[in-house]
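Structure first, then comments.
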Amino acid sequence: MAKLNVTVPAVDVEVNGVKYRKVDRDAQVGDIIRYMDDESSYVTTGAFYEVTRIDEFGDPQIVDNDGDEHDLCGEEFEVYTKVAEPTAEYREVKRWAEPGERIRIVRKYSGEERYENGAEFVVDSVDGDGDVRVTVESWGRVMVMLCEYVVLEPVTTGESATKRLTVGDYAKVIANSTIHNYTIGSFVKIVRDDEDHQPYRAEKADGTEGNFLAEKDVEPATEAEFLAQNRLKVGEFAKVVAKNRMFTDEHVSVGDVVKITEDDDSSRPFNTDTIDGKNAGWFTESELVRATDEEVAQAKRKLAAETTTDPRSQFAKGEKVRLVSGGGKYPLNGYDNGEIYEVATPLYNTHHEGAVVEIVGGSIPVGYAKPEQLAKLTIEVGSTVRLTIKDGEKPEHGWGDVSNGAIGTVTHINGNSARVEFPAQPRWHALLSELTLVSDAEKAQPQPEPVRFKVGEYARSLVAKAGMPTGSIVKVVRDDEDFSPFKSTLLDGSAYHYYTQDELERVDAETAKWASIGRKVDEIRRGDIVEVTIGYGEIKRGDIGEITDADGSVCPGVTVRGVQRYVAVKLITPIEQRFDRMELEATKAAA
């Protein structure tokens, strides 16, 4: 009989639930081998062992029965390799991830360089805000913000087959075969399916429903794609659904309505104000949802109910107001509609006209107006204002070169503070409560002279001189009261020059202190030794640690007892002044 050509089937074995298959090749690390040589006291014939390493001669090594490494050089064995599982299919879902789940980066933070959009990771851990920690090659454990990722949910075999879209699915509009009113390229959510030739009605990004779509006009999309097109915008109202107390005002609660005032496209992009105009703090995308018109109206009604007492209480003594009606008639003789006056007594209760506000500034000493006859003058960008500080007090951010009573123009407003251009000092920061609006007639008044520098004050040079470039932080050490009176030295004493008043810009002691180490105020660098001021997790307030991730945020990465957390800190010792680093740098220099 002729020799038969026989195909011998592969041999599969299972070890701890993992399948291995016999292969005809050299063993590799991670394979298992079946020992086929003569049995010894160290290795059992027919038993399986895992290959732990390959030595420099290419021989596989295993751990024998006694727990020792055993060299298989010259011995008989069969090689089995792990059977690859079928490649899983996934769908993107926008939700919090759980440890062990797979995520994909879909909206990377603009300053992130450790991974890109499209990168996929397995989640190591999750914190209370939905932010996760993953392991990134060459970087170790890295935090990924909730707004940056979507969860990849495995699709079962039955689901992986192409299925028809139905109610609840998300779709991308790709064509217009039926004269529908959806934008091609937009993402929609299917809300009705009539299962006919033009079956679908869908919800648009703005929450409205369009007309009917044909099946060939759409293709499957993800919830993440649908939500991404509906990002909150500056000026819109949102409802707080979660908050981080480190970044939000303590008086803001979940359920409150806030207004978006700024979007810097960071991982915590939205700066907000409360309904009554006070700063509410910064939020991530996941901590806010768009507020409905009714929710906004209800929040305004609630505010009105809480603040509605005497309508005259909205005015303050000394405040400027505009008369909008009643001018020229008793009890407002000598006061004209449209003109600006000053409140003398907000709650004037002894007038027979009833509850009135006493005002001054007209052609007769006083006038009496009902609250509805007066309009508050709101400070806005472009307003002309006067710095008004009570005697014996000083501005929140110091005087700088500006004197009390100086008149300037508002260029920026952020919450309860403003930036003002004064002739004596541009970009001056003030609280709105420190400013009062001025009338057109007052705008032409002469401005007070800038406050003369005093010996011991700090300044920034506005001109370059030998050895002292523009922008140098200096200390005024002498005033000769001549044409160039101010002798000013660099903070390290290495150079000095004489300056005029106009060649220097006053800075505070805090700015000078940080400048002495070559930094901006509160600038933290990798390697600094710091004290934790607001703890998180294993790291507590008062702990001393080292900065290991200085990303420029208010909460850098600090390592304490081998654990890194992103917390608020204050500087103790800059890296440039650490003795251990100085010794290391000296050693490198000597080498």
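Structure values in brief
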{"quantity": "Residue match in the stretch 499-517 (condition: modelled with pLDDT of 90 or more and in a strand (DSSP E or B))", "calculated": "yes"}
{"quantity": "Subset of the stretch 523-545 [surrounded by fewer than 14 Cβ atoms within 10 Å (Cβ to Cβ), assigned to a loop (DSSP other than H, G, I, E, B) and in contact (Cβ under 8 Å) with a residue 24 or more places away in the chain]", "calculated": "R526, G537, E538"}
{"quantity": "Strands (runs of 3 or more DSSP E) completely within the stretch 134-203 that count 1 or more residues being touching a Ser or Thr at 6+ places or on another chain (Cβ under 9 Å) and loosely packed, with under 13 Cβ neighbours inside 10 Å", "calculated": "140-144"}
{"quantity": "Qualifying residue in the stretch 571-590 (condition: open to solvent by less than 60 Å² (accessible area, probe 1.4 Å), under 25 Å from the mean Cα position of the chain (by Cα) and modelled with pLDDT of 85 or more)", "calculated": "yes"}
{"quantity": "Sole exception among (1) touching an Asp or Glu at 6+ places or on another chain (Cβ under 8 Å); (2) closer than 30 Å to P450 by Cβ; (3) among the charged types (D, E, K, R) for K278, by number", "calculated": "(2)"}
{"quantity": "Residue that is modelled with the highest pLDDT [pool: residues in the stretch 75-98 that are open to solvent by 80 Å² or more (accessible area, probe 1.4 Å) and farther than 18 Å from V15 by Cβ]", "calculated": "E76"}
{"quantity": "Members of the stretch 204-214 that are open to solvent by less than 60 Å² (accessible area, probe 1.4 Å) and either at pLDDT below 85 or outside any strand (DSSP E or B) (or both)", "calculated": "K204, A205, G207, A214"}
{"quantity": "Residue pairs meeting the criteria (Cβ under 9 Å; at least 6 apart or on separate chains; first under 17 Å from Y330 (Cβ atoms), in the stretch 341-357; second in a loop (DSSP other than H, G, I, E, B) and acidic (D, E))", "calculated": "A355/D310"}
{"quantity": "Residue tally, condition under 14 Å from D131 (Cβ atoms) and either outside any loop (DSSP other than H, G, I, E, B) or in contact (Cβ under 8 Å) with a residue 60 or more places away in the chain (or both), over the stretch 552-563", "calculated": "2"}
{"quantity": "Residues located in the stretch 102-129, provided they are within 29 Å of G30 (Cα to Cα) and open to solvent by 50 Å² or more (accessible area, probe 1.4 Å)", "calculated": "R102, R104, E120, V122, D124"}
{"quantity": "Where a residue in the stretch 204-232 is free of Cβ contacts under 8 Å to residues at least 40 places away in the same chain and its partner, wherever it lies, is open to solvent by less than 30 Å² (accessible area, probe 1.4 Å) and assigned to a loop (DSSP other than H, G, I, E, B), with Cβ under 6 Å and at least six apart", "calculated": "G210/Y182; N211/H180"}
{"quantity": "Count of the stretch 463-520 residues which are charged (D, E, K, R) and either in contact with a helix residue (DSSP H, G or I) (Cβ under 8 Å, 6 or more places away or on another chain) or open to solvent by 50 Å² or more (accessible area, probe 1.4 Å) (or both)", "calculated": "12"}
{"quantity": "Output for the stretch 410-427, where each listed residue is among the polar types (S, T, N, Q) and either closer than 20 Å to A459 by Cα or surrounded by fewer than 16 Cβ atoms within 10 Å (Cβ to Cβ) (or both)", "calculated": "T411, N414, N416, Q425"}
{"quantity": "Elements of type strands (runs of 3 or more DSSP E) contained in the stretch 215-301, each with 2 or more residues being surrounded by fewer than 17 Cβ atoms within 10 Å (Cβ to Cβ), acidic (D, E) and within 14 Å of the chain's Cα centre (by Cα)", "calculated": "257-263"}
{"quantity": "Residue match in the stretch 29-43 (condition: part of a loop (DSSP other than H, G, I, E, B), modelled with pLDDT of 85 or more, under 30 Å from L146 (Cα atoms) and open to solvent by less than 80 Å² (accessible area, probe 1.4 Å))", "calculated": "no"}
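So that you can scan it fast, the table gives a plain yes or no per residue for (1) within 40 Å of the chain's Cα centre (by Cα); (2) more than 27 Å from I389 (Cβ to Cβ); (3) assigned to a strand (DSSP E or B):
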{"position": "V410", "(1), (2), (3)": "yes, no, yes"}
{"position": "V420", "(1), (2), (3)": "yes, no, yes"}
{"position": "S433", "(1), (2), (3)": "yes, no, no"}
{"position": "D482", "(1), (2), (3)": "no, yes, no"}
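The values are calculated or read from the model by the stated rules, or taken from the named source; none is laboratory data. Note that the coordinates shown come from a computational prediction; the quantities given were computed from them, not determined experimentally. Please note: Cβ atoms are built from the backbone with ideal geometry, for glycine as well, and neighbour counts cover all protein chains shown. Heads up: the accessible areas ignore ligands, DNA and RNA and are worked out on the full protein's heavy atoms, side chains in. Shrake-Rupley method; radii C 1.70, N 1.55, O 1.52, S 1.80 Å.
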